[in-house]
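Report on the following structure.
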Amino acid sequence: MKYSSQMVAKPYFIFALLLLAGEMLFGLVLGLQYINGDFLFPLIPFNVARMVHTNLLIVLILFAFMGAAYYLVPEESERELWSPKLAIITFWVFAVAGVITILGYLLVPYATLTEITYNHLFPTMGREFLEQPTIIKIGIVIVAISFVFNIAMTVLKGRKTVITVVLLTGLLGLAGLFLFAFYLPANLAEDKFFWWFVVHLWVEGVWELILGAILSFVLIKVTGVDREHIDKWLYLIIAMTLVSGIIGTGHHFFYIGTPDYWLWLGSIASAVEPLPFFLMVLYAFAMERQRRVFHENKIALTWAKGTAVIAFLGAGVWGFIHTLAPVNYYTHGTQLTAAHGHLAFFGAYIMIAFTIISYSMPIMRGRLKGNSLKAQKVERVSFWLMVIGMLGLTLALTVAGVWQIVLQRWPESGEALNFMSTQEHLIPVYKVRVLFGIMTVIGLLTYLYSFFIKEPKESIA
Ligand code: HEM
Ligand code: HEM
Ligand SMILES: [Fe+2]
């Protein structure tokens with residue numbers, strides 16, 4: 001490791017992995033509740049488990065992004081982090097706030113939570129992904145400001161590279177767009193319109209810049225390809241992302257009370273959105289072909305290529321399936337949406353976390369050439385268990401989605417089933433989903449186990 005302050009990334013990565021274990025566990029609870037509605041009721045109702053599942057997902061990604069930034073920015077900027085102490089304080093504040101929030105969801109009925117946190121004084125609660133009490137949202141803003149400030153000071157005082165500039169732009173966007181979480185119009189159509197400013201413009205806008213920057217950093221390190229080469233790809237990818245992704249927000253504005261022109265704007269712009277994801281696949285494989293070094297941490301490159309491929313499938317292909325307005329008319333809010341949500345989030349943002357963790361963790365543990373062959377072998381098994389698990393889960397949900405649309409929205413007989421009766425027909429498919437979910441969880445446990453495989457003594461630097 002070149003700079004000692006890079007070490008602050010370690011607690012962020014460890015905490016992100018622990019949260020991921022919790023997230024997947026609650027996914028399994030949800031999956032089982034789809035089969036038996038009374039499972040764990042009244043201890044953990046479905047709505048609470050869902051909130052915990054999705055909130056853990058977002059928070060763990062934020063921890064992984066922060067860890068990634070703290071790790072790669074000093075190395076790129078060729079200087080120590082502006083304030084390692086602030087980074088550690090930020091970690092504890094964010095971790096404690098995160099744990100309190102999750103415990104709040106689990107221990108207090110949501111309606112009571114809104115009351116005891118004085119939501120009526122400044123209402124922001126009650127929307128998917130943005131369920132956090134207002135006071136916690138304010139805490140998140142403070143954490144974000146201190147984090148982005150620390151990173152910005154390091155970038156501005158050090159060597160500026162395309163990677164750090166793209167990363168910083170993404171992080172500023174992430175923090176800035178979160179401010180829409182504080183805007184809750186009483187009109188439901190307006191509420192939804194602005195809700196997507198956070199949710200869509202994060203995952204299909206600024207987060208993609210962060211993804212591109214982290215991917216580029218790891219690719220440079222493990223392939224030794226010239227920076228100029230990497231920079232050209234990164235510029236192209238982020239340009240395509242912003243050109244398509246910003247107006248592409250329109251694919252969420254179909255039939256919700258917004259003007260009709262969104263049917264055209266949303267369909268056309270978002271049909272281009274798979275392109276930057278496809279470019280990422282070409283990019284990762286081209287860099288592998290042109291590589292100048294054969295880094296001994298082979299599994300990090302596997303994760304990098306895997307991220308590009310699964311993100312393209314989940315976001316690009318499964319996103320495109322339902323992004324044209326006439327199609328979305330039938331598919332909106334079905335299991336097809338959940339299929340896409342799972343593979344896109346996993347492929348893009350969970351896998352990039354694995355990529356940077358698998359590259360940097362061995363170095364932070366004094367294993368400069370990566371983990372031992374044995375540990376990498378175990379990690380490779382975990383890679384395939386998780387990738388196949390999530391692909392299987394996605395395919396099961398795709399079948400469920402198509403079946404649901406046929407029964408509920410496109411009945412041959414003219415008589416549509418209602419939502420709950422439709423769900424009963426789908427239970428066999430939901431059983432398959434749980435099996436693949438269990439496979440994914442075993443994959444994660446295998447990944448965590450690989451950390452505990454002892455190194456042969458001579459390889460420790
Ligand atoms: C890292 C892995 C995972 C990611 C990234 C993930 C992501 C998500 C997302 C984004 C949603 C909201 C979907 C939407 O609004 O359309 C969700 C809901 C859900 N997830 Fe996961 N999840 C993961 C693992 C799992 C696992 C292993 C299972 C169980 C087998 C699972 C079961 C569910 C269920 C049942 C819901 C609720 C869907 C609904 O409301 O109808 N998830 N997950
Ligand atoms: C990594 C990037 C992406 C992630 C993490 C992601 C995630 C999600 C999630 C979680 C939802 C469900 C939100 C909800 O209603 O609760 C969603 C909806 C949607 N996504 Fe994506 N997405 C990504 C990229 C894309 C791309 C590139 C496209 C189009 C090509 C796309 C098209 C859509 C559409 C049309 C919907 C609305 C579905 C509906 O009407 O029910 N997404 N996305
Ligand atoms: Fe979107």
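The values are calculated or read from the model by the stated rules, or taken from the named source; none is laboratory data. Predicted model, so just to flag it, every value in this text is computed and none were measured. A quick note on method: Cβ atoms are made from the backbone with ideal geometry, for glycine too, and the neighbour counts reach across all protein chains shown. SASA here: full protein model, heavy atoms, side chains in, ligands and nucleic acids out. Shrake-Rupley method; radii C 1.70, N 1.55, O 1.52, S 1.80 Å.
Considering each of Asp191, Asp260 in turn, give the residue that is open to solvent by 30 Å² or more (accessible area, probe 1.4 Å) and charged (D, E, K, R).
After applying the criteria, what remains is Asp260.
Given the criteria of a type in the set (A, V, I, L, M), surrounded by fewer than 18 Cβ atoms within 10 Å (Cβ to Cβ) and more than 10 Å from ligand 1 (Cβ to nearest atom), does Leu435 qualify?
Considered against the rule, which asks whether it is of a type in the set (A, V, I, L, M), surrounded by fewer than 18 Cβ atoms within 10 Å (Cβ to Cβ) and more than 10 Å from ligand 1 (Cβ to nearest atom), Leu435 comes out as no.
Can you tell me which residue within the range 381-424, out of those that are of a type in the set (Gly, Ala, Ser) and assigned to a helix (DSSP H, G or I), is nearest to ligand 3 (Cβ to nearest atom)?
It comes out as Gly401.
Report yes if some residue within the range 76-89 is within 24 Å of Phe345 (Cβ to Cβ), buried (at least 18 other Cβ atoms within 10 Å of the Cβ) and not charged (D, E, K, R); otherwise report no.
Looking through the range 76-89, none of the residues is within 24 Å of Phe345 (Cβ to Cβ), buried (at least 18 other Cβ atoms within 10 Å of the Cβ) and not charged (D, E, K, R).
Residue check, Ala181 against (1) hydrophobic (A, V, I, L, M, F, W, C); (2) open to solvent by less than 30 Å² (accessible area, probe 1.4 Å); (3) over 21 Å from Thr258 (Cα atoms), all met but one. Which one?
Only one criterion in (1) hydrophobic (A, V, I, L, M, F, W, C); (2) open to solvent by less than 30 Å² (accessible area, probe 1.4 Å); (3) over 21 Å from Thr258 (Cα atoms) is unmet by Ala181, namely (3).
For the range 68-86, indicate whether the set of residues that are farther than 19 Å from Leu209 by Cβ and out of contact with any helix residue (DSSP H, G or I) (no Cβ under 7 Å at 6 or more places or on another chain) is non-empty.
Yes; the residues of the range 68-86 include at least one that is farther than 19 Å from Leu209 by Cβ and out of contact with any helix residue (DSSP H, G or I) (no Cβ under 7 Å at 6 or more places or on another chain).
In the list Ile210, Ile247, Ile220, Ile230, which residue meets the criterion of being within 30 Å of Arg292 (Cβ to Cβ), within 16 Å of ligand 2 (Cβ to nearest atom), part of a helix (DSSP H, G or I) and not aromatic (Phe, Trp, Tyr)?
Ile210
Please give the number of the condition Val381 fails out of (1) surrounded by fewer than 20 Cβ atoms within 10 Å (Cβ to Cβ); (2) under 22 Å from Gly27 (Cβ atoms); (3) without any contact (Cβ under 8 Å) to a residue 60 or more places away in the chain.
That leaves (3) as the condition not met.
Among the residues of the range 349-375, how many are over 18 Å from the mean Cα position of the chain (by Cα), open to solvent by less than 10 Å² (accessible area, probe 1.4 Å) and among the polar types (S, T, N, Q)?
Matching residues across the range 349-375 total 1.
Helices (runs of 4 or more DSSP H) wholly in the range 293-380 with at least 1 residues that are among the aliphatic types (A, V, I, L, M) and within 16 Å of ligand 3 (Cβ to nearest atom) - which ones?
So the answer is 298-311, 318-321, 325-331, 335-344.
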